[in-house]
Amino acid sequence: MPLKLNQSEFVVERDLNKCISCEVCVRQCSNDAHEYDADDKTVLSEASKCVGCHRCESLCPTEAITIRKKAAEFKDNSNWQQAHIKNIYKQAETGGVLLTGMGSDKPHTVYWDHILFNAAQVTNPSIDPLREPMEIKTFIGAKPEKLEIEKNDSGFKLKSKLGPHLELSTPILFSAMSYGSISLNACKSLASAAYSFGTFYNTGEGGMHKDLQHFAKNTIVQVASGRFGVNRQYLRSAAAVEIKIGQGAKPGIGGHLPGEKVTADISSTRMIPEGSDAISPAPHHDIYSIEDLAQLIYAIKEATDYLKPVGVKVSAVHNIAPIASGIVRAGADFVAIDGFRGGTGAAPQAIRDNVGIPIELALAAVDTRLREEGIRHKAAIIIAGSIRSSSDIIKAIALGADAVYIGTAALIALGCHLCQKCYTGKCNWGIATQDPYLTKRLNPSIGTKRLSGLLRAWSHEIKEMLGGAGINAIESLRGNREHLRGINLSEIELSILGIKHAGQAW
Amino acid sequence: MSISLIKNKKSDYPGYRVPSGCAVFGVLNESGSCFDGRTIIDGIEMMHDRSNGLGGGFAAYGIYPQYKNDWAFHILYDDSDARNRMEDILKKSFAVLYFEELPTKRSPAIENPPMIFRYFLKLKDIYSLYERNVPVDNFSEDDFIVDFVLKMNARVSGAYIISSGKNMGIFKGVGFPEDIGHYFRLDEYKGYLWTSHGRFPTNSVGWWGGAHPFGLLNFSIVHNGEISSYGRNQRYVASLGYECSLSTDTEVITYLFDLLARKKNMDIELLNMILAAPLWERIEEMPEDDRELASTLRIMYGGALINGPFSIIAGHNDFMYALNDRIKLRPMVAARKNDYLYVSSEESAIIKVCPQPDIVWRPQGGIPVIGRVKKKD
């Protein structure tokens, strides 16, 4: 059958008047989309190999290259869209599962974009963050039922302890991204930015590389179903431990790192043989129910002398509110919930685009449920799954989150152009690859600066919005849904979010 | 008379919140000597322009010495039917020692007042009242009263309990505070602690039950400000069993006081560390023990931090407690003269009733002014 399997998604335009045949594009493209023709002394491009990462376009010294989206190749059809047709061709040919990277790009409702934030006018003053203190310091951990305080001659003295907490200078953490799925330089950038800004990054299930151990105090380590890299020192050196049950982009399945990516360095970090596939089982085989989770939580607490918060990460699925309640009752100090727009290094497309629920609804439902049950104080809520801006964060906190994880946003700060080809290991930006030729493109000290810049900018914006609403401490925003209004939302959506519609006063 | 006069019509405006600007004034005699209500009326009257005639009220302590160990309820009624319904319920739980309609002086300044009765009550055995679901070990008479008042106010139509303490009473309604004071003939009462409130609500018609002070057990709260943390505070107390039925700042602040000072049994000297918690930069500067206490309280009770502008005067049989928000976005002046402690939105009120105080000061944001009643016996 004359089927063309690798039809191009993009058009590579080269302005030959500008091109000086310097071959930068040739060297930069790991997909071999550009080739130098020595006979003609010109550079040629093969659009079908282009993934749309815009690396060549960004680095072309004469701005000769433009990458454009290619217009439809098939007759317009609202039902049978291009992607369906192409995917069927591919799958009929290969018999394989369609893989993809990053979060879902499907046009599902983004609730953040249907929520508006409040500001103070007349009846109470807005507060100017340039002139007044504006506090966004955030704590992650469980709160005890009560405190014992003793009164003596000199004043009051605390007799009971709070329990382990993480202290964050801003309510933003870097989400779990493993060494393996991303390069060591990317990990270094995240770890060192977390360290310098006073927040935390998360190892994912990639283990803790020896070069990152001095950032351990700003590291949340993950215990996932494959248990890669988990040992006593790994648990004890970290600031907190997170048990990974699920990930927003692929609820119900485990991670998969192909053997080709398991280099010597990754092999020793993950404690697996070099070149072997690192396939995490879909469930934890020691957790078939909630009581098993409680055992693992307390096993880790025992191993870490009850000195570190132990949390559980789950993907946002239909029954998320009772699941989160169970996790809190099982003893977790924080619950991380990853919405279905959350990113991934590799996931089956069918799952990424169709399984799970948006984080906004999951968060609202969980916070409400935990409050109804009177256990909201027992655990912090960290949410993830496509936080794109500081305004998404402020809305998340007003819905009830303690803090947010950012993954994709952090990678974009490092240069990611969202081409969604992370699973190929050919990331031209040096992020989602282990090829030394590519990874050296990401300079960790520049990466650190860019990530710190993002945190600083977003923190400033959070302070501006807080002050505008007449609030000078972030804890007064947490779960304060009075400051949110919905727009273009149905009654049921408003009721799940627990907010009024724009135009409704107090 | 419409019920909207004494109760917020939740069915018409579900979840409406009622912010308001205001005047507050409180006077305490720390030695427990009683003085009549003219002082408080004269003071609050000086701040007439801080109210707009949509609410005024007073809390008075020490006014019912003959029933000082019994519950004193003030209840607003729309009509006799409501009164009969409420009294039937009251009689199931309480022995009524004495009751009467509150004496008032009719005045053109007060339009359409509801019926207002006072009751002196003794609680019957609480265990017989709760046949099911009694957490017997931890359930006190105070808990019963709180539960009773919140439930009755939410459920009994046409009736509203505005005052539920001992040897104290709340007098409030729609009008300017001085007119309300004269209407209730407060010059004929003597108490050792008086607080008062003049209201300037921004978005609601006045209604009698929604005037301030707001009371629960012996606590009464008057408050000037519009708190920006309302949603957080309301959800925080809701998860601990307090349902905010009035949607006013004062209501939620009262529940925070009840939660912390009564239920959690926290010393009132610690309350400001929670309600107007010190800034982190101040906490960092504290000596180690204080720092640990302050940061722990702040982390633990973040839901009880009151944010945005407020000046609060809390009345209680044992003390008067005044607090400004931590960056002082609302005015508050305090003064002392002999055994008297005065707290006011404006100094004018104090000077009116005490022309030459020993000391006048403007309390720092987040630093409480506490006056305690020295026990006489």
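The values are calculated or read from the model by the stated rules, or taken from the named source; none is laboratory data. On a predicted model such as this, the values are computed, not experimentally measured, just so you know. Here Cβ is always computed from backbone atoms with ideal geometry, including for glycine, and neighbour counts include all displayed protein chains. What goes into the accessible areas is simple: the full protein's heavy atoms, side chains included, and nothing from ligands, DNA or RNA. Shrake-Rupley method; radii C 1.70, N 1.55, O 1.52, S 1.80 Å.
Structural remarks
- Among the residues listed as A:Ala176, A:Ala186, A:Ala216, A:Ala224, the single one being in the same structural domain as A:Ser267 (by TED's automatic domain parsing), surrounded by 20 or more Cβ atoms within 10 Å (Cβ to Cβ), touching a residue at least 12 places away in the same chain (Cβ under 8 Å) and under 30 Å from B:Thr296 (Cβ atoms): A:Ala176
- Restricting attention to the stretch B:308-330 and to residues that are at pLDDT 95 or above and of a type in the set (A, V, I, L, M, F, W, C), the residue that is nearest to A:Gly141 (Cα to Cα) turns out to be B:Leu323.
- The C-beta contact set for the stretch A:67-85 (first residue on the phi < 0 side of the Ramachandran plot, second residue loosely packed, with under 11 Cβ neighbours inside 10 Å, distance under 7 angstrom, 6+ apart or interchain) comprises A:Gln82/A:Ala72.
- Test: residue in the stretch A:432-454 that is away from every other protein chain (no Cβ under 12 Å), within 18 Å of A:Gly103 (Cα to Cα) and open to solvent by less than 20 Å² (accessible area, probe 1.4 Å): yes
- For the stretch A:361-387, residues that are closer than 30 Å to A:Gly180 by Cβ and either open to solvent by 30 Å² or more (accessible area, probe 1.4 Å) or acidic (Asp, Glu) (or both) total 1.
- The residues in the stretch A:164-191 that are under 19 Å from A:Gly385 (Cβ atoms) and acidic (Asp, Glu) can be counted, and the count is 0.
- Single condition A:Phe139 does not satisfy, out of (1) surrounded by 18 or more Cβ atoms within 10 Å (Cβ to Cβ); (2) more than 10 Å from chain B (Cβ to nearest Cβ); (3) of a type in the set (Phe, Trp, Tyr): (2)
- Restricting the stretch B:308-320 to residues that are under 30 Å from B:Ser31 (Cα atoms) and either of a type in the set (S, T, N, Q) or in a loop (DSSP other than H, G, I, E, B) (or both), the residue that is nearest to the other protein chains (Cβ to nearest Cβ): B:Ser311
- All of (1) at the interface with chain B (Cβ under 7 Å from one of its Cβ atoms); (2) open to solvent by less than 60 Å² (accessible area, probe 1.4 Å) hold for A:Lys157 with one exception: (2).
- Yes/no for A:Glu13 being in a strand (DSSP E or B) and touching an Asp or Glu at 6+ places or on another chain (Cβ under 8 Å): no
Yes/no per residue for (1) in contact with a helix residue (DSSP H, G or I) (Cβ under 6 Å, 6 or more places away or on another chain); (2) in a strand (DSSP E or B); (3) modelled with pLDDT under 95; (4) surrounded by fewer than 18 Cβ atoms within 10 Å (Cβ to Cβ):
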position	(1), (2), (3), (4)
B:Ser11	no, no, yes, yes
B:Gly26	no, yes, no, no
B:Ser31	no, no, no, yes
B:Ile41	yes, no, no, no
B:Leu54	no, no, yes, no
B:Ile63	no, no, no, no
B:Leu90	no, no, yes, no
B:Glu100	no, yes, no, yes
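- Here is the figure for the stretch A:110-126: residues that are in contact (Cβ under 8 Å) with a residue 24 or more places away in the chain and open to solvent by 60 Å² or more (accessible area, probe 1.4 Å) total 2.
- Counting only residues that are open to solvent by 10 Å² or more (accessible area, probe 1.4 Å), of a type outside the set (Gly, Ala, Ser) and farther than 22 Å from A:Ala249 by Cβ, the stretch A:316-340 holds 3 of them.
- No other residue among B:Asp79, B:Asp70, B:Asp36 is at pLDDT 90 or above, in contact with an Asp or Glu (Cβ under 8 Å, 6 or more places away or on another chain) and either open to solvent by 10 Å² or more (accessible area, probe 1.4 Å) or under 22 Å from B:Gly169 (Cβ atoms) (or both) apart from B:Asp36.
- The combined condition, being within 22 Å of A:Ala120 (Cβ to Cβ), modelled with pLDDT of 95 or more, open to solvent by 10 Å² or more (accessible area, probe 1.4 Å) and within 11 Å of chain A (Cβ to nearest Cβ), is not fulfilled by B:Leu305.
- Among the residues of the stretch A:270-292, just one is outside any loop (DSSP other than H, G, I, E, B), over 19 Å from A:Leu235 (Cβ atoms) and of a type in the set (Asp, Glu), namely A:Glu291.
- Filter result for B:Ile299 (within 26 Å of B:Gly371 (Cα to Cα), open to solvent by less than 40 Å² (accessible area, probe 1.4 Å), at the interface with chain A (Cβ under 9 Å from one of its Cβ atoms) and hydrophobic (A, V, I, L, M, F, W, C)): no
- For the stretch A:277-304, the set of residues classified as open to solvent by 80 Å² or more (accessible area, probe 1.4 Å) and modelled with pLDDT of 95 or more consists of A:Gln295, A:Tyr298, A:Glu302, listed by residue number.
- Hey, B:Ser164 more than 11 Å from B:Phe58 (Cβ to Cβ) and buried (at least 24 other Cβ atoms within 10 Å of the Cβ) or not: yes
- Filter pass, B:Gly173 being open to solvent by less than 10 Å² (accessible area, probe 1.4 Å), over 23 Å from B:Asp78 (Cβ atoms) and modelled with pLDDT of 90 or more: no
- Enumeration of residues in the stretch B:80-105 that are in contact (Cβ under 8 Å) with a residue 40 or more places away in the chain and either touching a strand residue (DSSP E or B) at 6+ places or on another chain (Cβ under 8 Å) or over 15 Å from B:Phe144 (Cα atoms) (or both): B:Asp81, B:Ala82, B:Arg83, B:Arg85, B:Met86, B:Ser93, B:Leu102, B:Pro103, B:Thr104, B:Lys105
- Qualifying residues in the stretch A:466-505 (those that are in contact with a Ser or Thr (Cβ under 7 Å, 6 or more places away or on another chain) and closer than 30 Å to A:Arg131 by Cβ) - the one most open to solvent (accessible area, probe 1.4 Å): A:Gly468
- Counting residues in the stretch B:346-359 that are in a strand (DSSP E or B) and more than 9 Å from every other protein chain (Cβ to nearest Cβ) gives one or more.
- Residue satisfying all of: in the stretch A:121-136; touching a helix residue (DSSP H, G or I) at 6+ places or on another chain (Cβ under 7 Å) and either within 27 Å of A:Ser495 (Cα to Cα) or not acidic (Asp, Glu) (or both); nearest to the other protein chains (Cβ to nearest Cβ) among these: A:Pro133
- Residues of the stretch A:365-387 that are within 12 Å of another protein chain (Cβ to nearest Cβ) and either assigned to a helix (DSSP H, G or I) or of a type outside the set (D, E, K, R) (or both): A:Asp367, A:Thr368, A:Arg369, A:Leu370, A:Arg371, A:Glu372, A:Gly374, A:Ile375, A:Arg376, A:His377, A:Lys378, A:Ala380.
- Within the stretch A:388-431, tally of residues that are in a helix (DSSP H, G or I), of a type in the set (S, T, N, Q) and open to solvent by less than 10 Å² (accessible area, probe 1.4 Å): 1
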